[in-house]
Every structure is written in C-alpha cells, then in structure tokens.
1. Among the aspartates and glutamates, which have Cα under 14 Å from the Cα of Lys110 when same-chain residues fewer than 8 positions away are ignored?
2. Only helical DSSP H runs with n ≥ 4 go in: add -39500 (n - 2.57) per run for the chain, normalise by residue count and round the 222 nm mean residue ellipticity to 500 deg cm²/dmol.
3. Using r as the Cβ-Cβ distance of Val187 and Arg84, and R0 as 30 Å, what FRET efficiency do you calculate, to the nearest 0.05?
4. What number results when the radius of gyration of region 162-214, computed over Cα atoms, is divided by 2.2 N^0.38 Å?
5. Quick one: which residues, 5 or more positions from Ile34 or on another chain, have an amide H under 5 Å from its amide H? H modelled 1.01 Å from N in the peptide plane, none for Pro or chain starts.
6. Amide H neighbours of Ile320 under 5 Å, counting only residues 5+ apart in sequence or on other chains, H built in-plane at 1.01 Å?
7. If a/c stays under 1.5 just call it rounded; otherwise compare a/b with b/c (prolate if a/b is bigger, oblate if not). Do that for region 137-225, with a ≥ b ≥ c from the square roots of the Cα gyration tensor eigenvalues.
8. Hey, if we sort Glu346, Glu43 by accessible area with the 1.4 Å probe, largest down, what's the order?
Amino acid sequence: MNFLKIFIVGYTHSKYDKRVFKTVKLLSKSNQVIYQYLTFDDEKVHKNGNIIFVPVTYKAKTKKYFGKTSTLINNFSSIKKFDRKIFDMIKTFDYDIIYFHYFLVSMPVKAFKVAKNKGKKVVYDLHEYHPENHFKNLKGLAKKVKEKLMWKVIKNQFFFSDKLIFVSEEARNDMLNILKTHKDSIVIPNYANIKLKSPEKIKEIVIVGKTPRNIQNEREILKNLNKEGFSIKIVGIKTNILNDIPCKYTDVLPYDKMMVEVSKSAFSLISYKSFGQEYKNYIYSFPHKFFDSIAAGTPVIVNRSFVSMKNEVEKYGIGIVIEPQNVKESVRKILEAYKNYEKFLENIETYKDRYVWNKEKEEKFIKFILD
C-alpha cells in the first residue's frame, strides 16, 4: 500500500475531538496526515510522527462559540477570515486525499469543488444531519428557507465527494433517498475506545456529556426514581433543571476515568430534547455516550423518539426504551428492568463487541478511505 498524504479538515472541531482525532490516529498509522483543527490560542504548526498538526485560530468579535445562530451572524466577517485560511490550505497543500469533518460555512461547496478539480479524492464525514443542524435555532419561514438551501448545498457537496461517511444507517438511507443519489458510503458510528466490566453496580442513574441538554421531561422521571432509591450522577453536563433533586456532580473526566464512572452505574440515561429546531438530527443520532455506556457494561435508558438507538436497544435487549412524557409508565419500566437486571447485563456482555473499536472495524474503515 502506497504512503499517501491525507489532509483532514477538522474545521471547528477541537484538536482532540473524539471522532475527528480517531480518524487522524487511524489514518496516520501508515500514511502522512495533515490535520487542521480549531484553536482559540496562538498555537504553532508542529509535527508528531506521521501527523502534521495545523492549528487555525478563530478570532471572534463577541464570544468563542460557533453554535448559536446569532453569534455566527454577528461574527460572519471573522468566520470568512477563518474559512479563507482553510480554503487557501485546500488550494495549496500537497495531498492525495482530503477528508472533510465539516464544511466551510461561508463557502460550503467551493472547497469541495476546488479539491475535486485538483484531482484529489474527497471524503465527507457527516457527523450531523446538516439540513437541520446547520443554523438550528432558526424558526418558521427562515427555517424552511434555510433547509431548502441546505439540501441544495448538500446535493452539490455529495456530487463533488467520492466517499461519504454517516453515523447511522437511518441517517444514510434518509439523506440518500431524499437526494435520490448513489455514492460509495459507509456507516461509522461513534464506537467506544475501550470496554469495561465493573465488579460493582450502584443503584444509580448516570447522565454523561459535555453539551447542555433539555431534560425537562426526564426531570420528573428522575425525581420519582430518586424516591425509589436510585441516586443520580451527572458527569460533565452543567444543568439547573435538576436543582431540586439530590445529584452527584462530576466535572468532565479523562476518557478512561469517565468510563469507570459509567461502568459503576445501574443505568445510563440517554434522553433529551434539542434546544434548537432540529428533529432528524436527533432521532437518527448515535452519540458517543450510547456506545460508551454499552462498552462500560451499563444498560441504557433511551428516548423512544431516538429511532437509531431505539432499534439497537430493542433488537439486542441492552436497555429500556421510554416515552419521557409518560412519567408513570417510564418509571414503571425502569423499576421492572431493575428487577430483571441480570438479563440486561448478560445481553450486554453478549453484544458488547459491536459497540467498541477493534482491528476488524479499523481495517474496514481504512480500506474504505484508501481504496
């Protein structure tokens, strides 16, 4: 196999973003990787082994945050400067393959087209359901117009891409069917890095993640479970919604320590609503916390609306599916599951390897990118 040069565009992802950096590490094993990532500090280009780290600094006018629509609009001139730096790299860098982990907001198609016109292989990894996720706080007519435009953008991005990567089968099928297009594609969920089996299980519900979530409906469920003897542990998330429930809070932890904390809990709660105006981006999601929970040997409690996760849970018996608005029924199902807890643990041990990176998955991913 030839030693290739692969330019990985992390765009606004931080240096050690789980999904992005995993691709960097895997592809750098036998190739040279040029890795662009976001920084808010003054970092320099540096090299480590086969990886050339290329930080791009974002200078916001208001605050260091890309997520809110208002901030994006207020800082559009800053974003254009940020995008221009990356676009110039795409035009001038020497590489064989370009791997997009997102698109340049101010020129969403142009970067793909330029790379393709250079005769390079273009790989597009869709972390999100972009027609909804992009500018997700827009509502009403603005939302409809935005989504109509984004479908045109994505159709063109797909046209200039050679390989597509999706996080769930449902997201892939839906987007390709809507666009009526056929592309070489693969589903690469957010697999866990390690697997654990805790010698102890606490009668505890754990909630994990760095992003604040809308868990207003789940609040009453947790309140009732607390009365039934379950403690509540929150790792990483900062929320005021559960102020009237006794909770154990833990800051964001290194991955291995986070996995140990999850492995001790009886259940991991993966149920919430979006703060933005997005639907399919949530129902077709496959977050790290889902895979990490199963890999840590902890059954999941999943919102029924999360189609991709719901299908896995029901097929393999690795957790409970709830309807958060039906508090009484949700609490009943969780208490019943706890009575039959050993069966869930047995199922997880049987199917755990499905949710963890291994040599076979790595080889399949690398072969897909390089072939």
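The values are calculated or read from the model by the stated rules, or taken from the named source; none is laboratory data. A quick note: this is a predicted structure, and the numbers were derived from the prediction, not measured. When we count neighbours, we look across all protein chains shown, and the Cβ atoms used for this are built from the backbone with ideal geometry, even at glycine. Side chains are part of the model used for accessible areas, which takes the heavy atoms of the whole protein and leaves out ligands, DNA and RNA. Shrake-Rupley method; radii C 1.70, N 1.55, O 1.52, S 1.80 Å.
1. Straight-distance partners of Lys110: Asp83, Asp88.
2. Value at 222 nm, helices only, nearest 500: -12500 deg cm²/dmol.
3. 0.35
4. My calculation over the Cα atoms of region 162-214 gives 1.76.
5. For Ile34, whose amide H was placed from the backbone, the distant partners under 5 Å are Ile6, Phe7, Ile8, Ile52.
6. Long-range HN contacts for Ile320: Val300, Ile301, Val302.
7. oblate
8. From most accessible down to least: Glu346, Glu43.
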